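What follows is one structure encoded as structure tokens, with my remarks underneath.
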Amino acid sequence: MLKDYQQTILELLAQLELNMRDLYLLFAERFPKYGDLWSSVSLQENNHADGIKKLRLLAGEDRVLFDEKTTKTYTVKMFISSIQEALTRTKSGKMTLINALSVSHDFEQAILEKGFYNFFSGQDDETRTLIRQIKEETLDHQMKMKNAWEQERKSSPS
């Protein structure tokens with residue numbers, strides 16, 4: 001059974017993924033050169049939020065163990081705040097394409113470094129598959145954003 005603060009962390013992780021989705025949808029609109037990339041990644045971010053909600057329910061059934069280690073709600077809230085700042089900067093026209101790619105890469109990298117999805121331990125094949133899918137897609141997002149950023153840097157005049 002999850003403790004209240006664990007429930008809150010899981011709700012915040014789902015919100016984080018939804019905020020990432022919103023940011024990528026805005027990037028797709030503002031920077032159509034990589035619109036397909038951001039659109040496809042935003043769809044996966046939405047799926048990640050749904051997956052986290054499902055994992056939260058499964059934790060209540062003891063099909064998933066959740067150990068947040070030293071992560072506090074504050075940590076996730078600060079991450080969400082950073083995403084919201086990027087949304088605000090983009091809406092106000094203060095985000096360039098190269099910045100958007102860099103921010104996207106940095107956010108995906110931070111999710112991996114913080115190990116948010118290493119906190120879950122599936123107790124059956126279905127839950128392990130869901131956890132693995134979220135982790136692998138996040139790694140894939142990070143690599144795609146890095147590659148796009150490098151490609152853009154090479155093609156931009158110095």
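Quick note: the coordinates plus some simple rules give every number you see, no bench work behind them. Remember, predicted model here, so these are calculated numbers, not experimental data. So basically every Cβ, Gly included, is an ideal-geometry build from the backbone, and we count neighbours across all protein chains shown.
The table that follows gives values for the structure above.
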quantity: Extension reserve of the SER155-LYS72 stretch, reckoned as 0.36 nm per residue once the Cα distance is removed; calculated: 25.8 nm
quantity: Neighbour cut-off at most 10 other Cβ (10 Å), DSSP loop, GluC sites (Glu not before Pro), the stretch 24-104; calculated: GLU61
quantity: Order of GLU152, GLU113 under a 10 Å beta carbon neighbour criterion, fewest first; calculated: GLU113, GLU152
quantity: Relative contact order for the chain, counting Cα pairs under 8 Å that sit 6 or more residues apart, in percent; calculated: 26 percent
quantity: All lysines inside 30 Å of LYS77 as judged from Cα atoms, apart from same-chain residues fewer than 8 positions distant; calculated: LYS3, LYS53, LYS54, LYS69, LYS91, LYS94, LYS114, LYS135, LYS144, LYS146
quantity: The chain: calculated mean residue ellipticity at 222 nm from DSSP helix runs of at least 4, using -39500 (n - 2.57); calculated: -27000 deg cm²/dmol
quantity: Span-rule helices in the chain, defined as complete DSSP H runs reaching 18 Å or more along the axis (Cα) with Kyte mean at least -0.5; calculated: 4-30, 35-60, 73-91, 97-114
quantity: Loop-located trypsin sites (Lys or Arg not before Pro) in the stretch 6-65, at most 16 other Cβ atoms within 10 Å (DSSP); calculated: ARG63
